[in-house]
Amino acid sequence: MNVSKLETLNAIRLATLAVCALFLTCCASVTATAQPTITNGPRTQFAWEKKRVTLSASVTGRAPFQYQWQLNGTNLIGATNVSLLFPQIQLTNNGAYRLIAADSTGSATSQVAQVMVRSWPQPTGPRIPKLARLDTNMQSILLTYAIPGGSLAVVKDGRLVFTRGYGWADVENDEAFQPDSRCQIDSLTKTITAATMMKLVEDGKVSLDTPVFSLLNLQPPHYAGAVFDSRWTNITVRHLLSHKAGWNRDTAMNPLRSTGFDPVFWPDYAARDLGLSAPPTPTDIVRWMLGKPLQTNPGSQFSYSSFGFVVAGRVIENITGQPFELAAEQLLAEAGITRVQLGANSPATRDIGEALCYLNPAITAPAGIGSYFEPKPFDFNLPYAYPAIMFDAAGGLIASAMDYARFVAAIDGLPTFPDILSTNSVATMAGGSLGWDSVSSSDPSTGIWTKEGDLFGSNSRSTKWSHGVIFVFLLNSLAPDASGNDVDIALNGTLTSSVAVISNSGIWPTNDLFAATLSYEAWRVKYFSTSELADPTVSGDDADPDGDGIPNLLEYASGTDPRVPNEPPKLVASVSASDGGPSLVVSFRRLLLAYELDYSVEASEDLHTWSPVTGEADEPSLNADGTVTASVHAGSPADASARFFRLRVARK
């Protein structure tokens, strides 16, 4: 065979092989069609009973598709559409849902979505009939926007006249939201940070016009691309507190090379650049940012900046020599507030009385993920995806509505409640909007000062209104209204209207709940000197400094003064008529707080063996001194004729 024929045959063989390979490739592309894929699957969510709920998913693959929804692993009859609609969801619909989607190539199963359906519980805290419209305002917002729980506190002329909890603080454990439930307050933290800094200014430890770079005692980093912006040296304390330090989160370039960047929400990238093996601290975030540019000259432009307040927190730490949280706590203690602290970084690490935060089902694609915020999985855990410690001084604290209202009353410049800042400091904060979002006038009598906070699982607002009124509400979910705005705007509007009606009609109640809502720690500080606090024989739980036979813990539990002899607390028995017949009711005086003490009524037939009375409790009634009278049903009067009762009080 000559060479030319051999070359021709080889060419034919190669062409044939190429055709075969192409045929096999084409066949593979036809026969190896992927099974269907479920994206944007059903989401775990909270729902109020009898409200409209929809579960849905997106499915890709080879149409047509067959769908089947399951509840707790069992097929739901008739649930064969890509969406599952409950026009009025019921408590029996509570459970774990998933969608199975099938086409001609196979099937796919979605992730499990827990649907937590609850009915509306009785609000907690004393009912104030004159202010019933405030209950209506709160209930309407929670039910309309699928918000599990919240609280509201109202101050009038330095008196806490209203404090109630609504809905659920922990849905899974059926824990009601109490007046003293603590919730993430988000950016309401900034007002506390500003007040803490102003206290240092009063004490002559810093000036508002002091440059902050020298106070930080940090060296610029050396990670790839890090360049120190010399304008850092021009930033003052005032710039930090007034959002004029030069950072613009709308125009700044983030690590993904797109615009929109709030550095306190990019901890993973900060750790990577700094070479950290552990999560970064707030100081690490500041050091990271020393290698990134400012967007404007300090003092030249307002641009809301959480990072600026994180820097302020580091300034406070370096001046005081202690963590920001402790410095803030010391200031708040002057107002009788001891329950404010950093929030939990996960649901499992929450402190006692800390409400759980919930991703709202109306949030389908939260704005800012991948720009303002570092990318995180969009799921039910999103409210805890960004650790509170990262933005401690900017939005990391938790508080109760009543304690935050107490704080605002202590910095409002009015004489009705003792202020923890000087008149000049209060005026400076208001006049420069230091820690406030909006100030209509720096005049304490007429000015309206507001602060709003939100994150993926919480929403809050504080308003120092005119006419000596302050109101604070906290919600454990962030929901958009019909216009896409945070729902706190709508709630603030309805509450403002109600407050105006109440003020114009002159029906404000005269009670004051402040004294009876102090924590045990704050109560002890109120009644005992520093030396006495160090002496357990005077200020200990079992001590009885006034010799009236009532130990301090029981004095606190009853709302009485431990330095003045008092009548011992009494249990009062009465007979109450009910549909099931007469019932013996045992009543006692207690504080309205839920998380300081445990109160339990116990019964005995021989004064030796005692067992708790577990009957139904009545709604507590408010006493003139701010304590409440609680009642528990102890069975039939006939059965109780030979029984003894006692009240046990213990710390939580």
**Q.** Top-ranked residue in the stretch 41-60 [being more than 14 Å from Ser110 (Cα to Cα) and part of a loop (DSSP other than H, G, I, E, B); ranked as most open to solvent (accessible area, probe 1.4 Å)]
**A.** Arg52
Q: Considering each residue of the stretch 498-526, count those that are under 25 Å from the mean Cα position of the chain (by Cα), closer than 22 Å to Ala132 by Cα and not aromatic (Phe, Trp, Tyr), and give that number.
A: 5
Q.
All but one of (1) within 18 Å of Trp523 (Cβ to Cβ); (2) open to solvent by 60 Å² or more (accessible area, probe 1.4 Å); (3) touching a strand residue (DSSP E or B) at 6+ places or on another chain (Cβ under 7 Å) hold for Val575; state the number of the condition that does not hold.
A. (1)
Q: Report, by residue number, each residue of the stretch 208-233 that is part of a helix (DSSP H, G or I) and loosely packed, with under 14 Cβ neighbours inside 10 Å.
A: Ser214, Ser230, Thr233
Q. Just for the stretch 100-143: of the residues that are in a helix (DSSP H, G or I) and not hydrophobic (A, V, I, L, M, F, W, C), which one is surrounded by the fewest Cβ atoms within 10 Å (Cβ to Cβ)?
A. Pro129
Q | Extreme residue, surrounded by the fewest Cβ atoms within 10 Å (Cβ to Cβ), among residues of the stretch 272-306 that are out of contact with any Leu (no Cβ under 9 Å at 6 or more places or on another chain) and assigned to a helix (DSSP H, G or I) | A | Arg272
**Q.** Flag if Asp103 is free of Cβ contacts under 8 Å to residues at least 60 places away in the same chain and among the acidic types (Asp, Glu)
**A.** no
Q. Has the stretch 77-99 got at least one residue that is surrounded by 18 or more Cβ atoms within 10 Å (Cβ to Cβ), assigned to a helix (DSSP H, G or I), touching a Ser or Thr at 6+ places or on another chain (Cβ under 7 Å) and at pLDDT 95 or above?
A. no
**Q.** Ser497 vs. criteria modelled with pLDDT under 95, open to solvent by 30 Å² or more (accessible area, probe 1.4 Å) and at negative phi
**A.** no
Q. How many residues are under 24 Å from Phe588 (Cα atoms) and open to solvent by less than 40 Å² (accessible area, probe 1.4 Å) if we restrict to the stretch 523-538?
A. 1
Q) Under the condition of being out of contact with any Lys or Arg (no Cβ under 8 Å at 6 or more places or on another chain) and at pLDDT 90 or above, which residue from the stretch 20-40 is surrounded by the fewest Cβ atoms within 10 Å (Cβ to Cβ)? A) Thr37
Q.
Take the conditions assigned to a loop (DSSP other than H, G, I, E, B), within 15 Å of Ser306 (Cβ to Cβ), open to solvent by 10 Å² or more (accessible area, probe 1.4 Å) and at pLDDT 95 or above and apply them to Lys205. Does it pass?
A. no
Q. Counting only residues that are assigned to a loop (DSSP other than H, G, I, E, B) and open to solvent by 70 Å² or more (accessible area, probe 1.4 Å), which one in the stretch 322-334 is farthest from Asp262 (Cα to Cα)?
A. Glu334
Q) Picking from Gly615, Gly635, Gly626, which residue would you name as being touching a His at 6+ places or on another chain (Cβ under 7 Å) and surrounded by 13 or more Cβ atoms within 10 Å (Cβ to Cβ)? A) Gly615
Q: Given the conditions (1) open to solvent by less than 20 Å² (accessible area, probe 1.4 Å); (2) polar (S, T, N, Q); (3) touching a residue at least 60 places away in the same chain (Cβ under 8 Å), report the number of the one that Ser371 does not fulfil.
A: (1)
Q: For the stretch 227-249, enumerate the residues that are under 15 Å from Ser214 (Cβ atoms) and of a type in the set (Val, Ile, Thr).
A: Thr233, Ile235, Thr236, Val237
Q.
With the requirement that a residue be assigned to a loop (DSSP other than H, G, I, E, B) and open to solvent by less than 10 Å² (accessible area, probe 1.4 Å), what does the stretch 454-479 give you?
A. Gly457, Asn476, Ala479
Q) Pairs under 7 Å by beta carbon, first residue closer than 10 Å to His243 by Cα in the stretch 282-308, partner open to solvent by less than 50 Å² (accessible area, probe 1.4 Å) and acidic (Asp, Glu), six or more apart or different chains? A) Ser306/Asp262; Phe307/Asp262
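For (1) touching a Gly at 6+ places or on another chain (Cβ under 6 Å); (2) part of a strand (DSSP E or B); (3) at pLDDT 95 or above, each residue gets a yes or a no:
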residue: Ser531; (1), (2), (3): no, no, yes
residue: Asp541; (1), (2), (3): no, no, yes
residue: Asp544; (1), (2), (3): no, no, yes
residue: Pro562; (1), (2), (3): no, no, yes
residue: Pro565; (1), (2), (3): no, no, yes
residue: Lys570; (1), (2), (3): no, no, no
residue: Asp579; (1), (2), (3): no, no, no
residue: Val586; (1), (2), (3): no, yes, no
residue: Leu593; (1), (2), (3): no, no, yes
Q. Within the stretch 307-321, how many residues are of a type in the set (Val, Ile, Thr), open to solvent by 10 Å² or more (accessible area, probe 1.4 Å) and farther than 17 Å from Ile420 by Cβ?
A. 1
Q. Can you tell me which residues in the stretch 146-194 are part of a strand (DSSP E or B) and either at pLDDT below 95 or among the β-branched types (Val, Ile, Thr) (or both)?
A. Val154, Val155, Val161, Thr163
Q: Under 7 Å between Cβ atoms, at least 6 apart or on separate chains: pull out the pairs that start in the stretch 40-63 with a residue that is within 19 Å of Leu143 (Cα to Cα) and end on any residue that is surrounded by fewer than 20 Cβ atoms within 10 Å (Cβ to Cβ) and among the charged types (D, E, K, R).
A: Trp48/Arg118; Glu49/Arg118
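The values are calculated or read from the model by the stated rules, or taken from the named source; none is laboratory data. Quantities reported herein were computed from a predicted structural model and do not represent experimental measurements. For neighbour counting, all protein chains shown are included, and Cβ atoms are generated from backbone atoms with ideal geometry for every residue, glycine included. Ligands, DNA and RNA are excluded from the accessible area calculation, which covers all protein heavy atoms including side chains. Shrake-Rupley method; radii C 1.70, N 1.55, O 1.52, S 1.80 Å.
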